[in-house]
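Derivation of every value follows stated rules applied to the coordinates shown; laboratory data play no part. This structure is a prediction, so every number in the text was calculated from the model and none was measured. All Cβ positions, glycine included, derive from the backbone under ideal geometry; neighbour counts span all protein chains shown.
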2 protein chains.
Amino acid sequence: MMTKKKGFWSSLFGTDDNNSGGSANLATERLKVIVASENRLNNRLTVDRIEKMKREILEVVNKYVNGVQIDDVNINHRSEDSLDVLEMNINLPEHKK
Amino acid sequence: MMTKKKGFWSSLFGTDDNNSGGSANLATERLKVIVASENRLNNRLTVDRIEKMKREILEVVNKYVNGVQIDDVNINHRSEDSLDVLEMNINLPEHKK
């Protein structure tokens, strides 16, 4: 079972070794937040609440990493098989040493 | 690319069709929340802080998803390839309309 999942996250992030030629991404670090549910998330999360949640998550991230803007967060909502998936990608600003 | 991911969530949830004999779960709705980062975050945040940030993000999500009780939550932390994944599984009480 575990082996089945192996590498899935890497493929989501596109960080597989054979992929590392994509140098455009080298400077950016990403954080991914995923909410998945068997039933419609709409019952529990309205568009309004998602927007508020997004801002609050951003505040948390900003406490730890400076300079993250609301535009650095993008959200997509999709259905897959019988699951409802809300995916949030946060691009972190370039790290200044 | 998309086809590669197809069914992954179902396998996480164990809701594949050939699995649906598990009637014990029918009343419970499950929710999975995942915060994932690339290991390169370690350059700017200590492992400790990354973990704290992720827990805080999970708390925010909990606040916005209706009906989550803190007792319904279990959290596990694992590393996969170059990724650091904090995963939260939530058993939701039956949704009351």
Run the simple label-point estimate for B:Val47 and A:Asn74 please: 7 Å along Cα→C-beta, distance reported in nm. 3.3 nm
Distances in nm, one decimal, shortest first, from B:Gly67 to the same residue in every other copy, taking the label point 7 angstrom along Cα→Cβ. 4.3
In whole Å, what is the distance between the alpha-carbon centres of the range A:34-50 and the range B:27-97? 15 Å
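Please give the peptides B:49-59, A:29-39, A:59-69 ranked by average Cβ packing (other Cβ atoms within 10 Å per residue), highest first, as a rough proxy for protection.
In decreasing order of mean packing, B:49-59, A:29-39, A:59-69 become A:29-39, B:49-59, A:59-69.
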May I have the pair-distance distribution P(r) for the range B:28-92, computed from all Cα-Cα distances with 10 Å bins from 0 and rounded to whole percent? 21, 50, 24, 5, 0
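Quantify how strongly other chains surround peptide B:38-45 by giving the mean number of their Cβ atoms within 10 Å of each of its Cβ atoms.
If you average over the peptide's residues, the count of other-chain Cβ atoms is 5.
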